[in-house]
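Below is one structure, written out as structure tokens; comments come after it.
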Amino acid sequence: VTCVEVVEAYVERIREVNPLINAVVKDRFEEALQEAQQVDKLLSEGPGDDYLEEKFPLLGVPITVKEAFSLHGMPNTSGLVNRRNVIATSDATVVSRLKQAGAIPLGVTNCSELCMWYESSNRVYGRTNNPYDLQRIVGGSSGGEGGVLAAACSVIGVGSDIGGSIRMPAFFNGVFGHKPTTGVVPNDGQFPNARGVRTSYLCTGPMCRYAEDLEPVLRVMAGPGVNKLKLNEKVSLEKIKFHCMDHDGGSVFVSPVDKEILQAQQKVVEHLEGELGVQVRRVAIHKMKYSFQIWSAMMSSKDSDGQEAQLFTDLLGDHGKPVWPLWELMKWLVGMSSHTLPAIALGLTEKLMKLNPGGNAKLVSMGKSLQEEMEALLGPDGVLLYPSHPTIAPRHHSPICMPFNFAYTAIFNVLGLPVTQCPLGLSSEGLPLGIQLVAASYNDHLTLAVAQYLEKAFGGWVLPGKV
């Protein structure tokens with residue numbers, strides 16, 4: 001097939017399903033088709049496949065980009081009403097690298113307001129719906145990417161993750177997502193970008209339907225930084241030391257883990273032990289019970305230079321006046337606020353966090369100690385199996401009742417560990433199940449290899465509506 005035919009097929013698919021899921025918020029179909037014609041022209045001139053593969057490893061591959069990233073000529077609001085006229089005049093570093101590798105962006109996808117909530121809904125573009133059940137959330141903040149990939153509207157997605165924003169949408173939508181080891185893939189060119197300590201927690205990474213696509217896209221995204229990862233090392237699955245933890249130990253802030261999620265995880269354990277002959281060691285890491293508190297304290301701590309973390313209320317104001325969350329809540333109650341309720345609630349929570357500096361310092365210290373414990377447990381050859389979220393994709397609006405369930409993903413951001421989100425088929429309600437695969441820093445190659453293995457064993461991505 002020609003590149004034009006491929007791009008046309010994806011454009012047609014987006015036109016068909018996007019009215020239902022509202023994942024692509026702005027397209028660039030005309031430009032994409034022109035770029036596809038240039039790819040076909042290049043192929044017909046025939047400089048040689050080996051040359052093309054080396055120079056353009058993603059030649060002609062249709063991709064989508066989270067709207068929080070700059071993509072030249074596309075909006076870059078991050079769902080903030082007072083940025084609705086902002087149009088990107090350049091490309092984010094990862095977007096530029098993907099384009100240089102030959103990828104063709106089809107458009108930008110929805111996210112939560114300022115990328116800080118796990119339902120992708122805002123006052124600029126509205127709400128994105130899960131392709132498996134339109135009454136369910138796609139997750140956030142890279143929720144548009146999760147939905148667009150699950151609905152087979154794109155091949156590769158560009159996501160970012162500071163509390164699970166790649167992994168939750170990948171889990172809720174039954175696709176693969178990878179949060180790389182911190183500091184390998186550049187975060188430049190997204191809004192809001194991390195400042196202070198948060199630069200150590202924010203990660204940019206790939207999302208896709210097929211596990212084998214994660215590695216080549218990660219190589220392109222990382223650029224020269226890829227040398228820190230061991231992607232050329234051959235992985236012998238039988239030699240991996242597998243660890244398994246069923247839940248966080250029972251935090252009062254978080255829902256208990258759904259029975260079907262636990263059953264899916266148990267099937268993975270049985271498969272690994274039966275087919276690979278390995279022993280999966282059950283572990284109970286006590287500090288994981290405080291995941292939400294640790295993440296929250298570390299996110300608001302000062303960096304080594306004493307720089308304060310940027311206030312969310314300042315970001316909401318976007319260089320204008322900071323937002324007063326209590327006043328915004330009053331306005332929201334009478335339908336006059338331009339912000340979403342989760343964003344207002346986060347602003348209020350931030351104010352409360354400032355009231356307990358002593359408690360925060362203890363939690364930061366606990367986080368450092370947990371990081372050492374995890375690195376020691378996993379070592380050079382360990383992979384931890386851990387639930388992605390306590391529940392399968394919740395109904396719209398319900399996350400506001402259990403706002404801290406993202407702790408299952410968030411803890412690994414502050415620990416800086418690489419995590420691959422891997423789908424494990426569908427639940428009895430036809431909603432995606434999945435698991436997080438966690439390794440020690442710079443051992444991304446281990447989780448990527450296990451994801452490919454589990455995809456073969458459990459079927460990977462399932463087309464919505466197929467069952």
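The values are calculated or read from the model by the stated rules, or taken from the named source; none is laboratory data. The model shown is predicted, which means the values in this text are computed figures rather than measured ones. When we count neighbours, we look across all protein chains shown, and the Cβ atoms used for this are built from the backbone with ideal geometry, even at glycine. The protein model used for the area step is the full one, side chains on, heavy atoms only, and it has no ligands, DNA or RNA in it. Shrake-Rupley method; radii C 1.70, N 1.55, O 1.52, S 1.80 Å.
Observations on the structure shown:
- Looking only at the stretch 22-53, and only at residues there that are assigned to a loop (DSSP other than H, G, I, E, B) and closer than 26 Å to Gly147 by Cα, the one that is least open to solvent (accessible area, probe 1.4 Å): Ala23
- Residue in the stretch 155-168 that is over 14 Å from the mean Cα position of the chain (by Cα) and either within 26 Å of Ala9 (Cα to Cα) or of a type in the set (Asp, Glu) (or both) present: yes
- For the stretch 288-313, residues that are open to solvent by 50 Å² or more (accessible area, probe 1.4 Å) and either at pLDDT 70 or above or of a type in the set (S, T, N, Q) (or both) total 5.
- The one condition in (1) hydrophobic (A, V, I, L, M, F, W, C); (2) under 30 Å from Ala297 (Cβ atoms); (3) in contact with a Leu (Cβ under 8 Å, 6 or more places away or on another chain) that Val226 fails to fulfil: (2)
- Residue that is open to solvent by 10 Å² or more (accessible area, probe 1.4 Å) and in contact with a Pro (Cβ under 7 Å, 6 or more places away or on another chain), where the choices are Val138, Val155, Val175: Val155
- Residue within the stretch 107-118 that is over 22 Å from Asn187 (Cβ atoms) and either surrounded by fewer than 24 Cβ atoms within 10 Å (Cβ to Cβ) or touching a Pro at 6+ places or on another chain (Cβ under 7 Å) (or both) present: no
- Of all the listed residues (Leu333, Leu377), the sole one being over 20 Å from Gln293 (Cα atoms) and either modelled with pLDDT of 85 or more or open to solvent by less than 10 Å² (accessible area, probe 1.4 Å) (or both) is Leu377.
- Residue that is of a type in the set (Gly, Ala, Ser) and open to solvent by less than 20 Å² (accessible area, probe 1.4 Å), where the choices are Ala449, Ala439: Ala439
- Residue count for the stretch 120-132, restricted to those that are more than 26 Å from Thr93 (Cα to Cα) and open to solvent by 10 Å² or more (accessible area, probe 1.4 Å): 6
- Residue match in the stretch 400-407 (condition: open to solvent by 10 Å² or more (accessible area, probe 1.4 Å), modelled with pLDDT of 95 or more and more than 20 Å from Pro180 (Cβ to Cβ)): no
- Identity of the residue in the stretch 54-76, free of Cβ contacts under 8 Å to residues at least 60 places away in the same chain and on the phi < 0 side of the Ramachandran plot, that ends up surrounded by the most Cβ atoms within 10 Å (Cβ to Cβ): Leu71
- Residue within the stretch 419-427 that is of a type in the set (Val, Ile, Thr) and open to solvent by less than 10 Å² (accessible area, probe 1.4 Å) present: yes
- If you filter the stretch 185-238 down to residues that are in a helix (DSSP H, G or I) and basic (Lys, Arg), you find that the one that is surrounded by the fewest Cβ atoms within 10 Å (Cβ to Cβ) is Lys228.
- Failed criterion for Pro19 (all others in (1) within 20 Å of Gly143 (Cβ to Cβ); (2) open to solvent by less than 10 Å² (accessible area, probe 1.4 Å) hold): (2)
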